[in-house]
Structures are given as structure tokens and as C-alpha cells.
Amino acid sequence: MTIMNKKWTLAARPEGLPKAADFEWRTEELKPLEEGEIRVRNVYLSLDPANRVWMVRDTYVPMVGLGETMRGGGIGIVEESRNSKFAAGDTVQGLICWQTYYTGPGKGFSKVPPVGIPLAAHYGLFGHIGYTAYFGLLDIGAPKEGETLVVSAAAGAVGSLAGQIGKIKGCRVVGIAGSDEKCQWITRDLGFDAAINYKTEDLRVALKRHCPNGVDIYFENVGAATLEAVLNRMNNFGRIPACGMVSTYNRTEPEPAPNNLFHIITKRLKMQGFIVIDYAARFEEARAELLRWHQEGRLQYRLDINQGLESAPSAFRKLFDGSNTGKLLVQISPET
Ligand SMILES: NC(=O)c1ccc[n+]([C@@H]2O[C@H](COP(=O)([O-])OP(=O)(O)OC[C@H]3O[C@@H](n4cnc5c(N)ncnc54)[C@H](OP(=O)(O)O)[C@@H]3O)[C@@H](O)[C@H]2O)c1
């Protein structure tokens, strides 16, 4: 039987916010599997700010080539296998890319364990989202009871988990987000102590009001002017897990801020970048703890699921105009 694969390829390197013309929709006939390959029917595609970076420059992974299928992680069901590590019917997670079927060796793919949560929720709680929040905050942020934690992009996938983990560890948690609805969600439903709408409030003034004892940990998701404002409030020996700088990803000109990095020296701050895959050997530890907190009702997630692979380019823009809340996904095919 002929299987057709539909996919989005990278047509142009975006300048500024990615637009429809940066992607091309293609349909191709799939060839029979070769020895060592698997065929996966893709179910959920994860859309991530890092995908924007992969479109334009080499980082910890090479950039996506023009004409290549857009790279992205996700979950799918193995339909056929000529690889002894996977069997038909396995649910797997890996770099499935922006297409209806993944065909290849399944390098870096893992089986999704049945832990009694909905399939899409694996991306709300675990995967590169949960593990990023967990290791960034606990390993680099090293929170202590009574300390003040500030989280930016706090109503997003990683930020909403990082703030809740901060509460579990006994911190005063202040979130920065881009709408009143997001601020209400993180304070009323997720238990953050305070939230700042950076689009309507003066961030410096609001940080002073909500962090009267200064800031001990800043979970950095945004960069630039946000980083500059929080640096001014950091306490001596504060820690900054540098997780991402989403406000810079669409810039066409060099970033002007922050202009106060000297605080890192005088306040003896520790600012450390990390990529979640650095912690691959400890993912099981994080999974067990995140699941336990979720089952105890102390860790919630929200999913923003967009229907159909066709929607991927337009859904992707939500990450940059702030119209997603929680983990942004595209559902490509049914779960069963
Ligand atoms: N180091 C790692 O291994 C790793 C892994 C995963 C993610 N990350 C990073 O973690 C951060 C969050 O990723 P995520 O997947 O959880 O995305 P997300 O927070 O769910 O979505 C991105 C959010 O960023 C905010 N944002 C976008 N442009 C902004 C701007 N110019 N200024 C301020 N806020 C802006 C928007 O929320 P508002 O409405 O609040 O503006 C948007 O909803 C990103 O920086 C990402 O690169 C790092």
C-alpha cells in the first residue's frame, strides 16, 4: 500500500517573526523501510522557541538546511519496524519533525512509558519541558526555603513548571507574564505569590514592590530588558539559571540590553546556561519526582493543542506573540 507523507520544509531563513512563506508544504510517497529503520505515525508535534533558532544558526545542533523538513520533537506510534529496539505499536518520543510520518533509524528516540497520564501531557509535565524546569531550577538555581525566585515567561510551558517547583521548595515565587489572564492563572491556580504583567506595568517598579527582600534566583527565559531589570534586584550570591532568551530570537539587529552586567561581579552572581540534554542521564529521576508532585496535586500543566499539521506555521507564531498559555502542541493524527 502506498503511504503518503505530508510535511513542512524550510523554504527561507526568517527575518523577524517567521511568516508563512518561510515554510513550504510538500507531499511525498514513502519508500519501503530499510534494515534498521522505523516508521512512526506522528501524533503530537511540540512547537518550541528553540525551533526558531534552529532555522537560522548553528548552535548545539546544526541549523536546518533550506529544503529540509523542519526539525521538531514529538510523540508518535510505531507502525512498522525493521529495528530491534522498537516494535509496531510502541509509543515513542523523539525528533519526529514537522511531518505526518517519521521514517528513519529512530536515533535518540525513547519509548513513552505508560504512567497513567494523557499522552499529550507527557509534553506538559515531562520531556524537554519538565526536565528543563526541574534541572534548571534545582541544579543551577539551588533554591532554599524562604528565598525569592523570579520566573520570566512564567505562564509558558517551562516557566509555569519552574515556578511551581519553586513553591514546592518553599520559595516566594514571582512570575513575569504578558497578560492579566496569564497573571491570574499563575497566581490563582498555580500558587505563585505574585505576578507582573510586563506589558502594562513598569517592571522595575513592580519587581521592587513584589520582591521587598530582593531576588535570590532568577529563572531566565526572556533575556534583554527583562534580564536587565531583574539584575538590578538580585541579592549577593544570587543564581541565574539561563534557560532561554526568547525576546531575542526574532531580532534582526543586535540586542542593546542589558547594560548592567557588572552586577554579576559586584553581587557575586552565578549565571549558568544549560541545555536540557546535558541531563539525559538523570531524566528518570526527574520523571519520577515530577509525576509524584503531579499525583499529589502540587504540579499542574496546561496544554495549547492546535489541530492539524497544516496549522504548524501559524501556531508557531503564538510562542512569539504570547498567545499560547502552557505547552504548545500540534495534533497531527489521533492518539489511537
Ligand atoms: N535550555 C533548554 O534546554 C531549554 C529547553 C526548553 C526551553 N527553553 C527555553 O525556555 C524558554 C521558554 O520556552 P517554552 O517552550 O516554555 O515556551 P513558552 O514559555 O511556552 O512560550 C514562549 C513565551 O515567551 C513569551 N515571550 C515571547 N516573546 C517575548 C518577548 N519579546 N518578551 C517577553 N516574553 C516573550 C510569551 O509569553 P508572554 O505572554 O508572557 O510574553 C510566550 O508565550 C524559551 O526561552 C526557550 O528557548 C530552554
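Laboratory data are not the source of any read-out in this text; all were calculated from the coordinates shown. Quick caveat: nothing in here was measured; it's all calculated off a predicted structure. Glycine gets a Cβ as well: all are built from the backbone with ideal geometry, and neighbour counts include every protein chain shown.
Restricting region 246-293 to residues that are in contact with a Leu (Cβ under 6 Å, 6 or more places away or on another chain) and in contact (Cβ under 8 Å) with a residue 60 or more places away in the chain, which is farthest from Gln164 (Cα to Cα)? Applying the filter and picking the extreme gives Asn250. Taken over region 277-307, residues that are surrounded by 13 or more Cβ atoms within 10 Å (Cβ to Cβ) and either among the hydroxyl-bearing types (Ser, Thr, Tyr) or away from the ligand (no atom under 14 Å from the Cβ) (or both) amount to 12.
Of everything in region 153-184 that is part of a helix (DSSP H, G or I), of a type in the set (A, V, I, L, M, F, W, C) and more than 7 Å from the ligand (Cβ to nearest atom), the residue that is farthest from the chain's Cα centre (by Cα) is Ile168.
Scanning region 197-235 for residues that are in a strand (DSSP E or B), under 21 Å from the mean Cα position of the chain (by Cα) and closer than 11 Å to Val150 by Cα turns up Ile217, Tyr218, Phe219, Glu220. The set of residues in region 200-238 being acidic (Asp, Glu) and either within 14 Å of the ligand (Cβ to nearest atom) or in contact with a Pro (Cβ under 6 Å, 6 or more places away or on another chain) (or both) consists of Glu201, Glu220, Glu228. Cβ-Cβ distances below 6 Å connect the following pairs, each with a first residue in region 218-242 that is on the phi > 0 side of the Ramachandran plot, a second residue that is part of a loop (DSSP other than H, G, I, E, B) and of a type in the set (D, E, K, R), and a separation of six or more residues or different chains: Ala224/Glu255; Phe237/Arg268.
Selection over region 185-194 of residues that are surrounded by fewer than 22 Cβ atoms within 10 Å (Cβ to Cβ) and either within 13 Å of the ligand (Cβ to nearest atom) or not hydrophobic (A, V, I, L, M, F, W, C) (or both) gives a count of 5. Somewhere in region 82-99, is a residue assigned to a loop (DSSP other than H, G, I, E, B) and β-branched (Val, Ile, Thr)? Yes, there is a match, as at least one residue in region 82-99 is assigned to a loop (DSSP other than H, G, I, E, B) and β-branched (Val, Ile, Thr).
Of a type in the set (Phe, Trp, Tyr) and within 19 Å of the chain's Cα centre (by Cα) - does that describe any residue in region 185-192? For region 185-192, residues of a type in the set (Phe, Trp, Tyr) and within 19 Å of the chain's Cα centre (by Cα): present. Within region 239-262, the presence of a residue that is outside any loop (DSSP other than H, G, I, E, B), among the hydroxyl-bearing types (Ser, Thr, Tyr) and away from the ligand (no atom under 11 Å from the Cβ) is excluded.
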